[in-house]
1. Based on the mean of other beta carbon atoms within 10 Å per residue, what is the order of 9-18, 78-87, most packed first?
2. For the Cα atoms of the chain, what angle does the longest principal axis make with the long axis of helix 37-62, in degrees from 0 to 90, nearest 10?
3. If one takes the longest principal axis of the Cα atoms in the chain, at what angle in degrees, from 0 to 90 and to the nearest 10, does the Cα axis of helix 173-207 lie?
4. Could you work out how far the C-alpha centroid of region 171-190 sits from that of region 33-102, in angstrom?
5. To the nearest 10 degrees, how steep is helix 70-99 against the longest Cα principal axis of the chain, on a 0 to 90 scale?
6. Can you tell me, using C-alpha contacts under 8 Å and at least 6 residues apart, the relative contact order of region 11-95 as a whole percent?
7. Please tell me the relative contact order of the chain in percent, rounded to the nearest whole number, where contacts are Cα pairs under 8 Å and at least six residues apart.
8. Could I have the simple spin-label model distance between residue 160 and residue 56, label points 7 Å from Cα toward Cβ, reported in nm to one decimal?
C-alpha cells in the first residue's frame, strides 16, 4: 500500500466520521424541535445516502489496493465499513423517533442523544489519532480508544436504568413500547460504535503486533 493509497483510505474514514457528526448534530437539533422531527429525520436520511456513496467509492478503490497480510487488509476494510454502519444506525434511530410518534423529549431521551453526540466526537478524534499513529505514542491511541468506548459503557448503564423504570413504574403500555423501541435503537448505535472501536484496535495490532505484547 502506497502512502497515497493510505491517505485515500483515511480520507474516506474521516469523511464518514464527519457525516456521523452531522447526523448527531441534527439529533441534538431534534431535542430542541421535536415537532420538526419528520423534516429533521429526512435530513439525517439524506446524509445516510451520502455515506452510501462514499463507502461505495471506497470499496471500488479498495479492491485495487494490495495490502498484506490478508488480516490487515480485512481490518482496514472493516474499520471503514463499521463507521458507515454507525451512519446507518443513526438514520434508523431518527426513523424510529418518527415511526413511534415521539412528541416529547424525556430526560432519558435527551441524555441518550447527548451520549451519542459525545461518542461521535471521540470517534472523530480516534480516527485522527490513527492517521498519525506512532508506536512511541501508543498511550495516546489507547487513551483515545478508551475515551470513545467509555460512552458505550455509560449508555449501557443508562439503558438498564431507563428500561427498568419503564417496567417498574406506572406507564401507559403504548409509552412502554414506544420508549423501549427508541432506547433499543440507541443501544444498537452504541453496539455499532463498540465494533468500530474494536476495528481500530485490530488495525493497530496488525500495524505493530508489539503493541499488545
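1. 78-87, 9-18
2. 20 degrees
3. Its long axis makes an angle of about 10 degrees.
4. Region 171-190 and region 33-102 have Cα centres separated by 22 Å.
5. Approximately 20 degrees, to the nearest 10.
6. Over region 11-95, the number comes to 49 percent.
7. Relative contact order for the chain comes out at 29 percent.
8. Going by the 7 Å Cα→Cβ label model, 4.3 nm.
Any read-out appearing in this document is the output of simple, stated calculations on the displayed coordinates, not a laboratory observation. Note that the structure is predicted; figures quoted are calculated from it, not measured. With ideal geometry, Cβ positions are generated from the backbone for all residues, glycine too; neighbour counts draw on all protein chains shown.
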